[in-house]
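Q: Dumping the structure here so I can ask a few things about it.
The values are calculated or read from the model by the stated rules, or taken from the named source; none is laboratory data. The model shown is predicted, which means the values in this text are computed figures rather than measured ones. We place every Cβ from the backbone using ideal geometry, glycine too, and count neighbours over all the protein chains shown. Please note that ligands, DNA and RNA were not included when accessible areas were found on the heavy atoms of the full protein model with its side chains. Shrake-Rupley method; radii C 1.70, N 1.55, O 1.52, S 1.80 Å.
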Amino acid sequence: MENDTISAIATANGIGSIAIIRISGDRALEILKKLSPKKDFPPRYASLTTIHNSKKDLIDEAIVIYFKAPFSFTAEDVVEIQCHGGFIVAQSILKATLEAGARLATAGEFSKRAFFNGRIDLSEAEAIAQLIEAKSEDAAKILAQQMKGSLKDYIEQIRDEIIHILAYSEVTIDYAQEDLPQDLVNQIEEKLSQLTLSLESTLVASKQREGLMQGFKVAIVGKPNVGKSSLLNALLNFNRAIVSEIAGTTRDTIEEQVKIGSHLIRIVDTAGIREANDEIERIGIERSLEAIKESDIVVVLFDSGREMDNEDEEILKLLEKNKENKNLIYIKNKIDLKQKFKNENIKFDLELNSKDNVISLIKLLENIMDRTNFSDEIMLISQRQILAVQNTLTNIQEALSPLETQELEIFSFHLNEAVKEMASITRPFENDEMLDKMFGSFCLGK
Ligand SMILES: Nc1nc2c(ncn2[C@@H]2O[C@H](COP(=O)(O)OP(=O)(O)OP(=O)(O)O)[C@@H](O)[C@H]2O)c(=O)[nH]1
Ligand SMILES: [Mg+2]
């Protein structure tokens, strides 16, 4: 890999009290010395210095830390310049580092160097990238553990177990030219089935906790005029969506983020579902259906001030078809009105007045989301990791019948593939394209 010196702003773009410019590579210290009148930067000390551009104009006064290789995030020489925040100062310092010989880093390039220099493995790099975007305290806790290597340890343990099993059979292939004794076959089968169970339960737990990682998505649905937009506004605590007594007011889905308890959730107000009167409404309703499909939690509203009708029935049927892997919350709304809605079959979770008080719903949402907290378990945090575990499982399955029939070469081929798949989670065999794609999704300066 090229060894030029890279530079980027590592902090978020915008107004803030400080910003950090990070430089990594052989020339990091030399570049710093071009920007600063100071001559000496002892490693790992915070030094206060003025920072100047190539014309020697003063840009800012900053705290500078020099990390001497290999004791840095990238294992190269690294300089971090902590300057005043805002839009201009950090950009000017970045520009000065480029004029002094650095190259602008691409997204994720610092982490990529940390990976290539053996400082972190891929599972740790992915945990760092997601920690930055964590949507709940629980997610942050899991990611922090994985950043410190808990997933890596689990992966290595599974990989070692498969290698151990392989060792048994390969001794027989190499030396004895005989069949494996039946009791050994049984033992191997037993071990493989334990591994299968462990990997399968990791896959299931990872699926269940997707909401925890990506932020739960909550859709508010119901027929027109039941008070969906009023409920969204009450949850957000401001008048985001237009509310009116005209049925069909909301024509398109409206998505907002809100923090409930320790979770950052995405909440979607939808167009009321009914036989559409026109094309735009029809498209809006299609989006409502999409929102149901994509949600972890669906809040279903009924207007208790009106009698139940066909539109309510249709919505019930629709949810029945889409309820898999979702939490449904049935709400009887407008309980301040004269009550006309009658249906023995719907078991309402809550009764409320969405214009007035939604605390009971907030509490219920918080409970549901807290239930999905299994913070001590291992979980797979990217599609890449999930795919690798699925491929490992397939290979383990495919190793079983050749084991029965004593076709040991085929058996060991599949287990070798399983080992490779497992190892790819932390350290893939040459696959530049995959690495570029993965690190390319990181933030700049990371
Ligand atoms: N009395 C009473 N009126 C409510 C309540 N919730 C909403 N409303 C009223 O019901 C009407 C419809 O409310 P919206 O929030 O716009 O209903 P919606 O479900 O978003 O309607 P569409 O966007 O047309 O699908 C408005 O006049 C609200 O003020 C409630 O709990 N009690
Ligand atoms: Mg609405």
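Q: Mind checking which pairs have a first residue in region 133-146 that is within 21 Å of residue 12 (Cα to Cα) and a second that is open to solvent by 30 Å² or more (accessible area, probe 1.4 Å) and not aliphatic (A, V, I, L, M), Cβ under 7 Å, 6 or more apart or different chains?
A: Pairs found: 135/214; 143/130.
Q: Would you list the helices (runs of 4 or more DSSP H) that sit entirely within region 70-147 and hold 1 or more residues that are open to solvent by less than 20 Å² (accessible area, probe 1.4 Å) and among the charged types (D, E, K, R)?
A: Numbers: elements: 89-99, 109-116, 122-132, 137-147.
Hits in region 70-147: 109-116, 122-132, 137-147.
Q: Within region 16-64, track down each residue that is within 38 Å of the chain's Cα centre (by Cα), in a strand (DSSP E or B), at pLDDT 95 or above and surrounded by fewer than 17 Cβ atoms within 10 Å (Cβ to Cβ).
A: 46, 47, 48, 61, 63
Q: Considering only residues that are open to solvent by less than 80 Å² (accessible area, probe 1.4 Å) and modelled with pLDDT under 65, which ones fall in region 417-437?
A: In the first step, residues of region 417-437 are kept if they are open to solvent by less than 80 Å² (accessible area, probe 1.4 Å); the result is 417-419, 421-426, 428, 431, 434-435.
431, 434, listed by residue number.
Q: Got a sec? Which of 323, 340 is among the basic types (Lys, Arg), within 29 Å of the chain's Cα centre (by Cα) and either modelled with pLDDT of 95 or more or in a loop (DSSP other than H, G, I, E, B) (or both)? Before you say what the answer is, go through the steps one by one.
A: Working: 340 fails: within 29 Å of the chain's Cα centre (by Cα).
Matching residue, one of 323, 340: 323.
Q: Can you tell me which condition residue 307 does not meet? The list is (1) more than 14 Å from ligand 2 (Cβ to nearest atom); (2) open to solvent by less than 50 Å² (accessible area, probe 1.4 Å); (3) closer than 20 Å to residue 351 by Cβ, and all the others hold.
A: In the conditions (1) more than 14 Å from ligand 2 (Cβ to nearest atom); (2) open to solvent by less than 50 Å² (accessible area, probe 1.4 Å); (3) closer than 20 Å to residue 351 by Cβ, residue 307 misses (2) alone.
Q: If you take the residues in region 223-263 that are open to solvent by 20 Å² or more (accessible area, probe 1.4 Å) and of a type in the set (Lys, Arg), which one is nearest to ligand 1 (Cβ to nearest atom)?
A: Among those residues, the one meeting the criterion is 251.
Q: Oh, and also: Are there helices (runs of 4 or more DSSP H) fully within region 204-296 with at least 2 residues that are within 28 Å of residue 367 (Cβ to Cβ) and within 9 Å of ligand 2 (Cβ to nearest atom)? List them. Let's see the steps before the verdict.
A: Working: elements: 210-214, 228-236, 279-294.
Where helices (runs of 4 or more DSSP H) fall fully within region 204-296 and carry at least 2 residues being within 28 Å of residue 367 (Cβ to Cβ) and within 9 Å of ligand 2 (Cβ to nearest atom), they are 228-236.
Q: Looking at region 335-349, I want the residues that are farther than 11 Å from residue 303 by Cα and assigned by TED's automatic domain parsing to the domain that holds residue 299 and have a partner that is away from ligand 1 (no atom under 12 Å from the Cβ) and outside any loop (DSSP other than H, G, I, E, B) with Cβ atoms under 7 Å, at least 6 apart or on another chain. Which pairs are those?
A: 346/330; 347/330; 348/330; 349/329; 349/330; 349/364
Q: How many residues are open to solvent by 20 Å² or more (accessible area, probe 1.4 Å) and at pLDDT 90 or above when one looks only at region 406-416? Working first, answer last.
A: Filtering region 406-416 down to residues open to solvent by 20 Å² or more (accessible area, probe 1.4 Å) leaves 406-407, 409-410, 413-414, 416.
Checking which are at pLDDT 90 or above leaves us with 410, 413-414, 416.
Residues that pass the stated criteria total 4.
Q: Can you find even one residue in region 202-215 that is within 24 Å of residue 416 (Cα to Cα) and either assigned by TED's automatic domain parsing to the domain that holds residue 358 or within 20 Å of the chain's Cα centre (by Cα) (or both)? Spell out how you get there, then give the answer.
A: Step one: of region 202-215, the residues within 24 Å of residue 416 (Cα to Cα) are 202-203.
Filter once more, keeping what is either assigned by TED's automatic domain parsing to the domain that holds residue 358 or within 20 Å of the chain's Cα centre (by Cα) (or both): 202-203.
Scanning region 202-215 turns up at least one residue that is within 24 Å of residue 416 (Cα to Cα) and either assigned by TED's automatic domain parsing to the domain that holds residue 358 or within 20 Å of the chain's Cα centre (by Cα) (or both).
Q: Turning to a different aspect of this structure: So for region 264-273 (the condition being surrounded by fewer than 18 Cβ atoms within 10 Å (Cβ to Cβ) and modelled with pLDDT of 90 or more), does at least one residue qualify?
A: Among the residues of region 264-273, not one is surrounded by fewer than 18 Cβ atoms within 10 Å (Cβ to Cβ) and modelled with pLDDT of 90 or more, which makes the answer no.
Q: Tell me the residue from 10, 19, 28, 62 that is small (Gly, Ala, Ser) and without any contact (Cβ under 8 Å) to a residue 40 or more places away in the chain, please.
A: Values: 10 fails: without any contact (Cβ under 8 Å) to a residue 40 or more places away in the chain; 19 fails: without any contact (Cβ under 8 Å) to a residue 40 or more places away in the chain; 28 fails: without any contact (Cβ under 8 Å) to a residue 40 or more places away in the chain.
Every option except 62 fails the conditions.
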